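Notes to accompany the following structure.
Values quoted throughout were computed directly from the atomic coordinates according to the rules given, and no laboratory measurement underlies them. This structure is a prediction, so every number in the text was calculated from the model and none was measured. Cβ placement follows ideal geometry from the backbone for every residue including glycine, while neighbour counts extend to all protein chains displayed.
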Amino acid sequence: MDEHEFNAGPNTPGKVEVTRRTVIETGTTALLLTTLPRAALAADALDDNEPSPPVVDVELQVNSRPHSLALDPRTTLLDALREHLALTGSKKGCDHGQCGACTVLIEGRRINSCLTLAVMHDGQSVTTIEGLALGDNLNPMQAAFVEHDGFQCGYCTSGQICSAIGMLAECRHGMPSYVTEDLTQDAELTDAEIRERMSGNICRCAAYPNIVAAIKQTAGLPT
Amino acid sequence: MKAFTYQRADSTARAAAAALKPGTKIIAGGTNLLDLMKLQVETPSNLVDINRLPLDKIEETPDGGLRVGALVRNSDLAADARVRQHYGVLSRALLAGASAQLRNKATTGGNLLQRTRCYYFYDITKPCNKRNPGSGCAALAGFNRIHAILGASEHCIATHPSDMAVAMRALDANVETVNREGETKVIPIAEFYRLPGRTPEIETSLKPGEIITAVTLPSPPPGLQIYRKVRDRASYAFALVSVAAIVDSTQGRIHSARLAFGGLAHMPWRVAQAEQRLTNAPADAATFNTAADAVLDDARGFGGNDFKIPLTRRTLHSVLAETTRT
């Protein structure tokens, strides 16, 4: 995608022109652009018209397995997982940290993998949805999502589950939230607390009540 | 995203030296910078990663305050027992911002330096004096309900998006920096941010190559601390209006008050006269009104954001009523 196609000028707001030349040259990619949100395409993360910068070596421990990668430094952690390690469980929703579908755990802490570069995590451990089950035994959070029907389309689910696991760890460490009544006390994990703490994960099917129930069950609370 | 080279800094002085080179950006949490790079609002040719520098500690200072390293993550600062105990307004402001995933990544220094969420700054097809100096301001006659009502100029009506910085403004925090020569500097947060004026692209008083190393909080002031954030949804949204308040009162009489506002201006906003009008005054509606008058005397709406003027007054009333309730 040429940069100038997005510099359409102030009088043509948001206009993206797909020229005949672009269609011929880029084939299916250009056709996809007409139907998919721009951010949904992994190929878009890099500007292929630019000379590529020198690749950087990145060591990642993903789901307890070491991986050595040689990456364009622009590669986000999400793209490294999906495009280089074929771990497509982590989803690219908005690609701007607004939806939470890309949530993974770095050293046990939840982050948006779309808003960080893989190279920034050189030497660190990453846990994705693929790393939660032990063989055929689902992680309790996964099983609770199944049991409580914590999804419809399922696109946000891997992010929801990783986020929920990170969230319960934060609670165990005494992390407060915006709705915690008394900052000097550990918060009780009420529905309001769970909803506030999970607000970085959007579910467009609005399975929220069932997601809350699944989290409560995993936390050992009455659902 | 435009191509860039990547370096990892092994000292603050080296990071500062690298930052002097044109096209170089420092990256810490990256949650704002990478967002902007994907949209080509930011197009650095070189990134200097400072995440491995030893700037991630929260230490007590000899004067009874705290020194917060520039790389302390927002979630860790909000959860620190000393911050929760003595600087509740800061903990609350941090927890009011972004999502848990972003707070786990975002840093103290990066939060201070985050860019406006003005729609037109983000849209590279639109004029924006902040992104492209001299191109004009599309927000003036555009959709401007999130924009500034105080301190704006004909060149820029953007607001600063940080909640953390608003609390730090109320706490009279200081920003510590270092440059390439290793010289350190302390910048009071009151002097850290700039009004847009004719140069909205220059947002802080940092010199080229100057790197934030820490934020210090003076010993906690007396009084009740609250952070009130008014926004379009209950969580994970930027402030339309926010108030960081530290109010010391007994039995319906205010002894002292500090008020910093977010969502209203190009920087966290504080009005000395409003605080003076509250000092040694009865905690009643008439007093609250005179304080609101002092804050809003120079307020000006641009159409879409006119509602912020009465909203600020009402929010301030509510905050002062809550902090002076006996």
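Please give the helices (runs of 4 or more DSSP H) falling wholly within the range B:1-109 in which 1 or more residues are among the acidic types (D, E) and under 23 Å from the mean Cα position of the chain (by Cα).
Values: elements: B:12-19, B:33-38, B:74-79, B:81-86, B:88-96, B:100-105.
It comes to B:33-38, B:74-79.
For the range A:129-146, a residue qualifies if it is in a loop (DSSP other than H, G, I, E, B) and either farther than 22 Å from A:N210 by Cβ or hydroxyl-bearing (S, T, Y) (or both), and the qualifying residues are A:G135, A:D136.
From the list B:D56, B:D49, B:D35, B:D63, pick out the single residue that is within 14 Å of chain A (Cβ to nearest Cβ), over 15 Å from B:T213 (Cα atoms) and either in contact with a helix residue (DSSP H, G or I) (Cβ under 8 Å, 6 or more places away or on another chain) or surrounded by fewer than 22 Cβ atoms within 10 Å (Cβ to Cβ) (or both).
None of the others qualify; the one that does is B:D35.
Contact map, the range B:198-219: first residue small (G, A, S), second residue in a loop (DSSP other than H, G, I, E, B) and surrounded by fewer than 20 Cβ atoms within 10 Å (Cβ to Cβ), Cβ cut-off under 6 Å, separation 6 or more or different chains; pairs are B:G209/B:L20; B:G209/B:R180; B:S219/B:D63; B:S219/B:G64.
The condition of being in a strand (DSSP E or B), under 21 Å from the mean Cα position of the chain (by Cα) and more than 21 Å from B:G97 (Cα to Cα) holds for only one of A:V126, A:V119, that being A:V126.
I'd like the residue in the range A:147-157 that is outside any helix (DSSP H, G or I) and not polar (S, T, N, Q) and, out of all such residues, is nearest to the other protein chains (Cβ to nearest Cβ). Only one residue fits best here, namely A:C156. Looking at the range A:180-223 only, could you name the residues that are buried (at least 18 other Cβ atoms within 10 Å of the Cβ) and either in a loop (DSSP other than H, G, I, E, B) or at positive phi (or both)? Within the range A:180-223, A:T180, A:L183, A:A187, A:L189, A:M198, A:S199, A:G200, A:N201, A:I202, A:C203, A:A207, A:A219 meet the criteria. In the range A:64-90, the residues that are on the phi > 0 side of the Ramachandran plot never reach a residue that is of a type outside the set (G, A, S) with C-beta atoms less than 7 angstrom apart, at least six apart or across chains. If you go through the range B:35-72 and keep only what is of a type in the set (G, A, S) and in contact with a Leu (Cβ under 7 Å, 6 or more places away or on another chain), you end up with B:G65, B:G69, B:A70.
Return the only residue of A:L85, A:L105, A:L81 being within 26 Å of B:R52 (Cα to Cα), aliphatic (A, V, I, L, M) and within 14 Å of chain B (Cβ to nearest Cβ). Checking each option against the conditions leaves just A:L105.
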